[in-house]
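The values are calculated or read from the model by the stated rules, or taken from the named source; none is laboratory data. Since this is a predicted model, take the numbers as computed values, not measurements. Methodologically, a virtual Cβ is constructed for each residue, glycine included, from the backbone with ideal geometry; neighbour enumeration extends over all protein chains shown. Accessible surface is based on the protein model in full, side chains and every heavy atom, while ligands, DNA and RNA are left aside. Shrake-Rupley method; radii C 1.70, N 1.55, O 1.52, S 1.80 Å.
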Amino acid sequence: LVKNFKNLNFLFGCILLILTTYLVFLNFINESGYWYDEFCTLLTSDPNVSLEVIFERHKGNFEKPNENVPILYYLVLRFFFDVFGFTSQNGRIFSLIFYLISSISVYFLAKKNLNASQSFFVAISFLSTPLIVWMANETRVDMFLIFFSLVNLLVFFNVLKKKDLGSSSLLFLSNILTLSIYPLTISLIISQGLFVILKKNLNLFLIIVF
């Protein structure tokens, strides 16, 4: 069992390494293909201007195609640029990082009901999904949001098991963080509430949600 687990981790690491190399290369060769909303993201995350200017740019960008994303994402991205350099490639690499760590969240989320091999397959399926790969190659909020939404689900299912004050407080903070990244994640929180209320009747829950 231990040997199989080590082999699984090694295989998972190799695939992540291959995907990382491929997507980093894709980031660099696709620099000229930056979308307009990606340039808006760069404008609102520029580490070379003051926070006051950033807030002004963010306020102005609500009229542009950046989907009314709250400022938290831009501030985190600005910090990343400040540390690693303000380049278009680094903007996409930021998304790539959250793409990769999201796969780990997917793995542990799947492990709630599946064995290691099945969870590994789910994680690889996530990494191989064309839409997810596309979002990982854009300087947009998508992968940042997906990662924290997955973490929110992990915390939620942990609360269902433990039901203690610490876990509940962590879920509350996770909900606040997720909403601060993108307000429409209120639908995720509502779904969690419905799940708690209707968990004895999962068929009804699925009908309401979907």
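Could you give every pair whose Cβ atoms fall below 9 Å, whose first residue belongs to the stretch 170-196 and is in contact (Cβ under 8 Å) with a residue 40 or more places away in the chain, and whose second residue is surrounded by fewer than 17 Cβ atoms within 10 Å (Cβ to Cβ) and outside any helix (DSSP H, G or I), counting only separations of at least 6 or pairs across chains? From the stretch 170-196, the pairs are Ser180/Pro70; Ile181/Pro70; Tyr182/Glu67; Tyr182/Asn68; Tyr182/Pro70; Pro183/Asn68; Pro183/Pro70. Among the residues of the stretch 101-121, those identified as open to solvent by 20 Å² or more (accessible area, probe 1.4 Å), at pLDDT below 85, of a type outside the set (Lys, Arg) and closer than 18 Å to Leu154 by Cβ are Asn113, Leu114, Asn115, Ala116, Gln118, Phe120.
Within the stretch 50-100, restricting attention to residues that are open to solvent by 50 Å² or more (accessible area, probe 1.4 Å) and on the phi > 0 side of the Ramachandran plot, the residue that is modelled with the highest pLDDT is Asn68.
Checking each residue in the stretch 129-160 for being without any contact (Cβ under 8 Å) to a residue 24 or more places away in the chain and not in a loop (DSSP other than H, G, I, E, B) picks out Pro130, Leu131, Trp134, Val155, Asn158, Val159.
When we screen Leu206, Leu173 for residues that are modelled with pLDDT of 90 or more, open to solvent by 40 Å² or more (accessible area, probe 1.4 Å) and out of contact with any Lys or Arg (no Cβ under 9 Å at 6 or more places or on another chain), the only hit is Leu173. Inspect all residues belonging to the stretch 115-124 and state whether any of them is free of Cβ contacts under 8 Å to residues at least 12 places away in the same chain and closer than 27 Å to Ile71 by Cα. There is no residue in the stretch 115-124 that is free of Cβ contacts under 8 Å to residues at least 12 places away in the same chain and closer than 27 Å to Ile71 by Cα.
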